[in-house]
Amino acid sequence: MRVASKTVYDAARFNLASIQEQFYRANQVVATGKRITALSDDPVGLTQSLHVKSALSNLEQLGHNISMGKSWLTASESALSQAQDIISDARALCVQMVSGTIDLSQQAPAATIVQNHIDEIVSLGNTEINGQYVFAGWKTDTVPFGQDGTYHGDNHAFTIKIGNDTTIEIGADGEAIFQDLFTTLSDLKDALEGNDVEGIRAAMTNLDIDLDRITTKISDIGSKVLRMETNEQIFQEVTISSTQRLSEIEEADMAAAIIDLESREVVYKAALASSARIMQLSLVDFLS
Amino acid sequence: MSGLGLVLDIAKTALSTQRYGIDVTGHNIANVNNPSYSRQSPVIEAKEAVSYGGVLLGRGVETTNVVRATDQFIESQLSEQKSNEVAFQEMERYMQILEGFLNENSETSISVLLSDFWNLWHDISNNPAGSAERVAIWEHSALLAERFNSLEADLIQMKTDLTGAVSFGVGRINEITEEIAYLNTQIVAIETSTTANDLRDKRTALVSELSEYIDVKSFEQSNGSLTIITARGCVLVQGNEAYNLEMGGTNGDRVTWRSSGNAIVDITDYLANGKLGGWLTMRDEVIAKCELDLNALAKEFIWAVNYQHSQGVGLKLFEPDTTLTGTYKTSMDLDALEFGSEIQYIADGFKLWIEDRTDPANPVINAVSVDLSGLDGSSSLADVATAINNQIAAAGLAGVTASVSGDAIGFTAGSDYAFGFSDDNSNMLAALGVNTFFQGASAGTMELNPTLSNKDYIAAATIEADGSYASGDNTNALAITDLQYESNQISQWTCDRVNGNTESTITATFEHYYHGLVGAMGIISSSISRSREFNEVMVNELSQIRDSISAVSLDEEMTNLMEFQHAYEAAAKLIAVADEMLDELLSVK
């Protein structure tokens, strides 16, 4: 083929430009450490990485939800186990009071003790986490129990989301848990004040029922905490594998990128050298 | 005639021919880097011999013509390929801008904002009564709506810029075609006697520039004039006539061609090559798709959130002595509402709860179960208001009145009454924009419902069957968080200028749909870049072929120069010899 003078210069221009573009891109990959710097670099990979990122964001949120749920359940559990202790104490008191060896004059102080128990249960029933009452049903911003044990909450249980399609009750209907206990304790107090041994015995039976109910509730909370921890563990594993997947999609394989950059550099240098040589030559220089 | 006179005569023709050759070589050297120049060469022929004494005697040499080395086929291939290349170059340039708009490497990209939007609803569901959570979702949703607005505004601005570029291009095309028509006239006039080499080069250059703007097909008439046609067979230049393109259409954004008979042809959708082809493809296919898809997403997203929000109740009912105004307006029938087609005209429509606070200590709440079966898509807002008011009265209740003002429905509470909604099976409330989260129905118009500037009205709770509602109830907030996992039917567009735009539906979550849109733009962008690279290589190869035929080689010209120079020296020597011979003769005594 006949090579025109212009062709020599055009070819140098064209080749140098396209090699330089590739060199620049290879450099971009090494400099940023990312495979994808623009949408068009790898649209399919980009779409996947966006999917993964939104899934990660969701997992992080569910993680927040779970840790909040766990703090609620821990608070409930500690309130309920304190209630258990109080019931045991009350029961022991009853045993003492019906044994017959107790002086009548001791029954009045015993009634005071029971009143203190009632007060303690009220404050346990009013357990709050960050201003939200755990045993108020959905009325989480209302103090659930009045001084006399009347319930101001409602009969729902506060529920949160701990998985894409999993919800879990972390709050509780305080009435269902504590109302009978209040009745039992105030009956007991009345019985003590009225020296009613039968009443005290009845209260003992009821205290057993209350204890049972609260124990069941505690074990229910335990199993919920377990469920949450299982989810949490799964989320952590998924987060790790997703993060890994994200870096596979987005991040450059540095060794390969640097080798690529170096090979482009070699090509670029060779093109510069050969262009410089061919552009210098002309018959004009050889005519005298 | 024979003799020394003939020798001198031959030498003279030789001298002038060689000098002519040097002129042409000089012209070639001078144009060595003129890209549209075709190298010229003299056509040298022996002069017609004369018969003298039965012998044919040569009479020297003459330059009969100067021709240019050119291949019309390659030239037209090249300009067609260039036309393609330029289209892709322009698309690539604008695509880079579009990629910038869709930049995902930032904390304020729509996909991040969407994820955060759901997360903040999770936060509300974790603490429905919390005011910080309510402020957060309010601020964040405003930001999300703003991002949708500004992306839409950017797309519209880009379309406007492209229309401006097209309009500028049309101006330049008209200048070029006028100039070609003028050159046609000149070339035809000159070529009655000789070839108009340089004018032809100039015309080729103009055709090449024209093809950088628009689709061009050209062919030469026998008299040397060039006819140029563009898309849809519209003639741009014929002989000494140029036919102008104009910006037309109702919005002035269409490219039209005017025939000699003043008929107007819209060629916009048929322009595929050159800058105009690139710009119009960007505007009417790529950006158009991006905009349509973005709006489809915004519309479905707004609807889904609004529908769920309208089922709920905030921390309090809508207060006494206030009017709650719907955000969607119509002066015509209900079908004309943005989401009018969603309304179900059913008996079990929605519940309007009215709380009577005449005795502040003992408020009484009752529901009107609104029956919409008497209405249909041709009913007006006033019909809706009347139906609701009649049913309030029929239920023996009072204190809340529905009315129409400014083409929107409004619910007004009397001084001792408050109200709320629940159980909307008809979609009516969301379609009216009552108790909704967003207003607007597209990316450009999306905004927060102004009612929510009182953040207590963010509806995380639900009014229960007995009329109770609790500030810690998060059932509606949980239902809204569920929307992020739900697959929706969302329109997806394919834009094709020639065959028209087609709508299909895909099933995807909102986030996945948006990711898909971003990915689709990336795919378009990378395929444009690949096409640009391919066309660049093609143009480069064709240019080399064209230049191997037409462009100047200095080495070659220097050789020619030597050749002509030596021939000139020889011809001069011939004159010297003839001179000596004449001297010899004249000295004979």
**Request:** Search the stretch A:112-125 for residues being surrounded by fewer than 18 Cβ atoms within 10 Å (Cβ to Cβ) and not acidic (Asp, Glu), and hand back the single one that is nearest to B:THR475 (Cα to Cα).
**Result:** A:SER123
**Item:** Criterion (touching a Phe, Trp or Tyr at 6+ places or on another chain (Cβ under 7 Å), in contact (Cβ under 8 Å) with a residue 24 or more places away in the chain, more than 7 Å from chain B (Cβ to nearest Cβ) and of a type outside the set (Ser, Thr, Tyr)) met by exactly one of A:GLY63, A:GLY33
**Value:** A:GLY63
**Prompt:** at pLDDT 90 or above, in a helix (DSSP H, G or I), surrounded by fewer than 18 Cβ atoms within 10 Å (Cβ to Cβ) and not acidic (Asp, Glu) - does that describe any residue in the stretch B:508-520?
**Reply:** no
**Prompt:** Taking the condition assigned to a strand (DSSP E or B), surrounded by 19 or more Cβ atoms within 10 Å (Cβ to Cβ), free of Cβ contacts under 8 Å to residues at least 40 places away in the same chain and touching a Gly at 6+ places or on another chain (Cβ under 8 Å), does B:ALA367 pass?
**Reply:** no
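Yes or no, residue by residue, for (1) out of contact with any Phe, Trp or Tyr (no Cβ under 7 Å at 6 or more places or on another chain); (2) modelled with pLDDT of 90 or more; (3) of a type outside the set (A, V, I, L, M):
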site	(1), (2), (3)
B:ARG39	yes, yes, yes
B:VAL43	yes, yes, no
B:GLU62	yes, yes, yes
B:ASN65	yes, no, yes
B:SER83	yes, yes, yes
B:LEU102	yes, no, no
**Message:** Among the listed residues A:ILE170, A:ILE113, identify the single one that is within 30 Å of A:ASP196 (Cβ to Cβ) and in the same structural domain as A:ALA202 (by TED's automatic domain parsing).
**Reply:** A:ILE113
**Asked** Would you say A:GLN179 is part of a helix (DSSP H, G or I), in contact (Cβ under 8 Å) with a residue 12 or more places away in the chain and under 23 Å from A:ILE221 (Cα atoms)?
**Response** yes
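Residue-wise test of (1) surrounded by 16 or more Cβ atoms within 10 Å (Cβ to Cβ); (2) more than 14 Å from chain A (Cβ to nearest Cβ).
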{"residue": "B:SER106", "(1), (2)": "no, no"}
{"residue": "B:LEU114", "(1), (2)": "yes, no"}
{"residue": "B:TRP138", "(1), (2)": "yes, yes"}
{"residue": "B:ALA142", "(1), (2)": "no, yes"}
{"residue": "B:ASN149", "(1), (2)": "yes, yes"}
{"residue": "B:PHE168", "(1), (2)": "no, yes"}
**Request:** Hey, could you check the stretch B:462-489 for residues that are of a type in the set (A, V, I, L, M) and surrounded by 24 or more Cβ atoms within 10 Å (Cβ to Cβ) and say which is nearest to A:THR140 (Cα to Cα)?
**Result:** B:ALA470
**Asked** Of all the residues that make up the stretch B:459-470, how many are over 17 Å from B:PHE419 (Cβ atoms) and touching a residue at least 60 places away in the same chain (Cβ under 8 Å)?
**Response** 1
**Complete:** Of those in the stretch B:154-193 that are of a type in the set (Gly, Ala, Ser) and touching a strand residue (DSSP E or B) at 6+ places or on another chain (Cβ under 7 Å), the residue nearest to B:LEU226 (Cα to Cα) is B:ALA181
**Request:** Considering each of A:GLN115, A:GLN179, A:GLN147 in turn, give the residue that is away from chain B (no Cβ under 11 Å) and touching a Lys or Arg at 6+ places or on another chain (Cβ under 8 Å).
**Result:** A:GLN115
**Asked** Can you tell me which of A:GLN22, A:GLN28, A:GLN84, A:GLN48 is more than 9 Å from chain B (Cβ to nearest Cβ) and closer than 30 Å to A:THR230 by Cβ?
**Response** A:GLN84
**Item:** Number of positions in the stretch A:124-144 that are in a loop (DSSP other than H, G, I, E, B), within 23 Å of the chain's Cα centre (by Cα), β-branched (Val, Ile, Thr) and within 12 Å of chain B (Cβ to nearest Cβ)
**Value:** 2
**Pairs, first within 9 Å of chain A (Cβ to nearest Cβ) and without any contact (Cβ under 8 Å) to a residue 12 or more places away in the chain in the stretch B:535-550, second of a type in the set (Gly, Ala, Ser) and buried (at least 21 other Cβ atoms within 10 Å of the Cβ), C-beta under 8 Å, six or more apart** = B:ASP547/A:ALA4; B:SER548/A:ALA4
**Request:** Hey, could you check the stretch A:159-176 for residues that are within 11 Å of chain B (Cβ to nearest Cβ) and without any contact (Cβ under 8 Å) to a residue 40 or more places away in the chain and say which is farthest from A:GLY125 (Cα to Cα)?
**Result:** A:ASP165
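This table checks each residue for (1) closer than 23 Å to B:ASN295 by Cβ; (2) touching a helix residue (DSSP H, G or I) at 6+ places or on another chain (Cβ under 9 Å).
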position	(1), (2)
B:ASP423	no, no
B:MET428	no, yes
B:LEU432	yes, yes
B:ALA443	yes, yes
B:MET446	yes, yes
B:PRO450	yes, no
B:ASP456	no, yes
B:ALA459	no, yes
**Request:** Hey, can you tell me all the residues within the stretch B:48-73 that are assigned to a helix (DSSP H, G or I) and buried (at least 17 other Cβ atoms within 10 Å of the Cβ)?
**Result:** none
**Request:** Enumerate the strands (runs of 3 or more DSSP E) found wholly within the stretch B:188-293, keeping only those where 2 or more residues are of a type in the set (A, V, I, L, M, F, W, C).
**Result:** B:226-229, B:235-238, B:245-248, B:254-258, B:264-266
**Request:** Could you check, for the stretch B:425-443, whether at least one of its residues is within 14 Å of another protein chain (Cβ to nearest Cβ), part of a loop (DSSP other than H, G, I, E, B) and touching a residue at least 12 places away in the same chain (Cβ under 8 Å)?
**Result:** no
**Prompt:** Do the conditions hold for B:VAL588, that is, is it surrounded by fewer than 17 Cβ atoms within 10 Å (Cβ to Cβ), within 14 Å of chain A (Cβ to nearest Cβ) and free of Cβ contacts under 8 Å to residues at least 12 places away in the same chain?
**Reply:** no
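The values are calculated or read from the model by the stated rules, or taken from the named source; none is laboratory data. Keep in mind the model is a prediction, meaning the values are calculated, not measured. For neighbour counting, all protein chains shown are included, and Cβ atoms are generated from backbone atoms with ideal geometry for every residue, glycine included.
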